[in-house]
1. Every residue in the stretch 66-98 that is within 21 Å of residue 129 (Cα to Cα) and free of Cβ contacts under 8 Å to residues at least 40 places away in the same chain, please.
2. Would you list the helices (runs of 4 or more DSSP H) that sit entirely within the stretch 47-127 and hold 3 or more residues that are surrounded by fewer than 18 Cβ atoms within 10 Å (Cβ to Cβ), within 12 Å of the chain's Cα centre (by Cα) and on the phi < 0 side of the Ramachandran plot?
3. When you look at residue 136, is it assigned to a helix (DSSP H, G or I) and either touching a helix residue (DSSP H, G or I) at 6+ places or on another chain (Cβ under 9 Å) or outside the structural domain of residue 50 (by TED's automatic domain parsing) (or both), yes or no?
4. Condition first: loosely packed, with under 13 Cβ neighbours inside 10 Å and either part of a loop (DSSP other than H, G, I, E, B) or under 19 Å from the mean Cα position of the chain (by Cα) (or both). Now tell me which residues in the stretch 10-46 satisfy that.
């Protein structure tokens, strides 16, 4: 069994014993998403740690977007709950790159690919996404690439 999935299950048991309702509900939701991903498609399979991390990133993004939507609708209590859930999920993800580090990676990719304008954005994005490997959101990466190419 992949280490990350095993850790999620162990932490769920611990949260249940501690009667931590937020953590329990969040970890159940994440494990349900992992299981759904495992049985999706023609054949059931066990996800690797990298695939579990991809599911976690997707779930964190859902929580962030839901928090923004609730905050925009004036439902602060719901927005706070979504942000708290996102914080629990983020605890299982690698730390996000700082803006300066991301800018340096993008600058390096621009020089390596020989990009000269916005028409080369795809080449640069491919190189940067491979370099950051889930340590920066696609939107942040795209914004930095646009800034440096534009």
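The values are calculated or read from the model by the stated rules, or taken from the named source; none is laboratory data. Quantities reported herein were computed from a predicted structural model and do not represent experimental measurements. Cβ sites come from the backbone with ideal geometry, for glycine too, and all protein chains shown count toward neighbours.
1. 90, 97, 98
2. 49-72
3. The answer is no for residue 136.
4. Scanning the stretch 10-46 gives 18, 19, 32, 36, 40, 41, 42, 43, 44, 45, 46.
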